[in-house]
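Notes to accompany the following structure.
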Amino acid sequence: MAWLAFCLLAGIFVATGLVVWRKWIAPWKDVAELSQAILDQRPPRKFLISANPESRKIGLALETLIDRQRELEERFREGEFSVQAVFGAMLDGLVVVDDRRRVRMMNREFRRMFGLETAEPGEPLLEVIRHASVDRLVLEAIRVREARRESIQMSRGPSEGREMEVSAVPLGENSAPTEGAVILFHDVTQLRQMEEIRRDFVANVSHELRTPLSIFRGYLETLLDDPHQPPGELLRILEVMERHSDRLYALVEDVLSLARLESPAAELDLSEISLPEFLPEILDDWKKRLEAKQLASHLDVSPDLPKLEADENRLQEIIYNLLDNAVKYSQAGGVIALRAAVEGDHVRISVSDQGIGIREHDLPRIFERFYRADKARSRELGGTGLGLSIVKHIAQLHGGTAQAQSEPGKGTTISVLLPISRSA
């Protein structure tokens, strides 16, 4: 009987233990495993916990929590992708700093501008870009909580020598909780160069116009003061005025031609040109002028030269300008050579003279507008100072280039390299 009672008690104890295990121990073990899985950022084995209402509620709550976490992570990834996409697509350098001016974020263009392949967020801005003016600009923007902008000349790194328009916008504007600043680096070097070119162009045109206009005014005042000039003096005055009116007309024509060439709407009237037929005709047009200055001509064009796809009028303008320069700077008895030869898939057309030549340091600039290697002699010989600039622009419009070679005292060769076919 005692043995039976012992077995009954043991059974009750085991049953009670199983019930306690299932309802109170096992569920909390599952809860612990579930919590650990969430902490380890791995998918839980299960969320539904049975046998204990409280543990079941916790399991469901954890399931809701992890679903919300996944949703927030997805939103964060989408937001981060959008930010990175915008940052990466920007053509300007952009960097975000905190209130202590430590870098928090930077885009690819900013890294390129300052050569920052190895730079990491968290470094002070001054150490990253090593430019005190930028650091001071950012500090001032954060201090007064107002946007600041300044043009700054870069002195180090890949952007050395370039001019940047730096804008610093504080993040703490309008009582925003985050402090710091967004700094934008916009390269305005080309814009400043264009502004300088425009100013120089206006100044040069004004100067070139002032000279003939001053002469006109002076002689007109002379004629008004004394209309009864001797016939010889009157003829001399009229000849001078005619010469300067021709110069004025040529200047206006060249300025207009250059403006048309630089216009986005500039077009070429392309046709196939046979250079062995085209170049001799041009040289014939210049025969009288060459003879007037006692210059000989030489033509070197292969009869089997391929046809060139180009604008015939523009090509003629190139050669006329080159011949005009060669004749002006040649002495009597010299030779002007016109050549055309194939170089790969291009044709090189060149004009050579035996004139005074151009100094080496002047050569890179002779295709600039109004640039004259010998200003006094150039004005004495006439011309507008725009001829070679026009040559360069026409060559570029054809997809080619203009080049110059010279040796002082021995002569100059100016050539254009044009593609044989525009589709090639």
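Points worth noting:
This table checks each residue for (1) among the hydrophobic types (A, V, I, L, M, F, W, C); (2) open to solvent by 30 Å² or more (accessible area, probe 1.4 Å); (3) part of a helix (DSSP H, G or I).
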residue	(1), (2), (3)
Ala265	yes, yes, no
Glu272	no, yes, no
Gln294	no, yes, no
Glu309	no, yes, no
Arg314	no, yes, yes
Glu317	no, yes, yes
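Residues checked against (1) of a type in the set (Val, Ile, Thr); (2) surrounded by 14 or more Cβ atoms within 10 Å (Cβ to Cβ); (3) modelled with pLDDT under 80:
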| residue | (1), (2), (3) |
| --- | --- |
| Arg68 | no, no, yes |
| Leu72 | no, no, yes |
| Arg77 | no, no, yes |
| Val83 | yes, no, yes |
| Gly93 | no, yes, no |
| Met105 | no, yes, no |
| Ala119 | no, yes, yes |
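- Where Pro264 falls short, out of the listed (1) free of Cβ contacts under 8 Å to residues at least 12 places away in the same chain; (2) touching a helix residue (DSSP H, G or I) at 6+ places or on another chain (Cβ under 6 Å); (3) not aliphatic (A, V, I, L, M): (2)
- Of the residues in the range 238-249, not one is of a type in the set (Lys, Arg), within 23 Å of Ser415 (Cα to Cα) and at pLDDT below 85.
- Members of the range 123-141 found to be in contact with a strand residue (DSSP E or B) (Cβ under 6 Å, 6 or more places away or on another chain), within 13 Å of Arg100 (Cβ to Cβ) and open to solvent by less than 30 Å² (accessible area, probe 1.4 Å), listed by number: Leu125, Val138
- Selection over the range 186-235 of residues that are farther than 30 Å from Met113 by Cβ, polar (S, T, N, Q) and surrounded by fewer than 11 Cβ atoms within 10 Å (Cβ to Cβ) gives a count of 1.
The values are calculated or read from the model by the stated rules, or taken from the named source; none is laboratory data. Quick caveat: nothing in here was measured; it's all calculated off a predicted structure. All Cβ positions, even for glycine, are placed from backbone atoms using ideal geometry, and neighbour counts span all protein chains on display. Areas reflect the complete protein model, heavy atoms only, side chains present, ligands, DNA and RNA absent. Shrake-Rupley method; radii C 1.70, N 1.55, O 1.52, S 1.80 Å.
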